[in-house]
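The values are calculated or read from the model by the stated rules, or taken from the named source; none is laboratory data. Bear in mind that the values here come from a model prediction, so they are computed numbers and not experimental data. Neighbour counts run over all protein chains shown; Cβ positions are idealised from the backbone, glycine included.
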Amino acid sequence: MSDRTERKAALAAGLTFRPVERGNWADFERLFAARGGPKHCWCMVWRVTAPGERKPADGAGRQAAMARRVRQGVPVGILAYEGEEAVAWCSIAPRSTYRALGGPPSDDPRENVWSIVCFFVPRRKRGEGLMRRLIDAAVEHARAQGATVIEAYPVDRDAPSYRFMGFVPTFAEAGFREIMRVGLRRHVMRRNLAPPRI
């Protein structure tokens, strides 16, 4: 086994995943505000603006808007932890809490679509297989909340934009299949979840 493979296996064994809630909001803040973090967007770009809420125009406004959602109990995503340190992020939430992402409309009232919209993995943690682990954890989190379909909007590895939404091969390996394209770069991929066992 190579050193790189051993490091990946050790990382996988030591990771835990938790949804962002009031109790760990400070962990989310630390991860996003750290050097290289996405403190300009606070993962608000694709979120639906709440009634009476103006679209935040700067980082501080977006941070406050995200904090409001967490205080209100709106699902926003999960954090990956090594011990007690949050080391990566995946935005996973009901599709209805996002702006139009390009997926097909649902006319089945039993269908509960959740969307994986973005990732943040610090540069020092890249190349360790974290994105795939985040996808698997996001699927299980959404399933536990009643999701029946997981939708994602990744790009090809050589795409010059939207790379924060993940890459097509990684989602394909995780059991997603492409159903359509949206725009020039984004692929709409879906994974249907089996109903829970009774």
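Quick check on my filter: what residues within the range 21-63 are part of a loop (DSSP other than H, G, I, E, B) and among the aromatic types (Phe, Trp, Tyr)?
Trp42, Trp46
Do we have any residue at all in the range 19-41 that's free of Cβ contacts under 8 Å to residues at least 24 places away in the same chain and within 19 Å of Gly166 (Cβ to Cβ)?
yes
Name every residue in the range 144-158 that is in a loop (DSSP other than H, G, I, E, B), without any contact (Cβ under 8 Å) to a residue 40 or more places away in the chain and either in contact with a helix residue (DSSP H, G or I) (Cβ under 8 Å, 6 or more places away or on another chain) or polar (S, T, N, Q) (or both), in order of residue number.
The answer is Pro154, Asp156, Arg157.
Within the range 167-183, track down each residue that is within 16 Å of Val139 (Cβ to Cβ) and assigned to a loop (DSSP other than H, G, I, E, B).
Selection gives Ala174, Gly175, Phe176.
Can we say Gly103 is touching a residue at least 24 places away in the same chain (Cβ under 8 Å), surrounded by fewer than 21 Cβ atoms within 10 Å (Cβ to Cβ) and either farther than 19 Å from Phe17 by Cβ or in contact with a Cys (Cβ under 9 Å, 6 or more places away or on another chain) (or both)?
It is true that Gly103 is touching a residue at least 24 places away in the same chain (Cβ under 8 Å), surrounded by fewer than 21 Cβ atoms within 10 Å (Cβ to Cβ) and either farther than 19 Å from Phe17 by Cβ or in contact with a Cys (Cβ under 9 Å, 6 or more places away or on another chain) (or both).
Just name the residue that is modelled with the lowest pLDDT out of those in the range 1-20 that are part of a strand (DSSP E or B) and over 18 Å from Ala93 (Cα atoms).
Per the criteria, the residue is Leu15.
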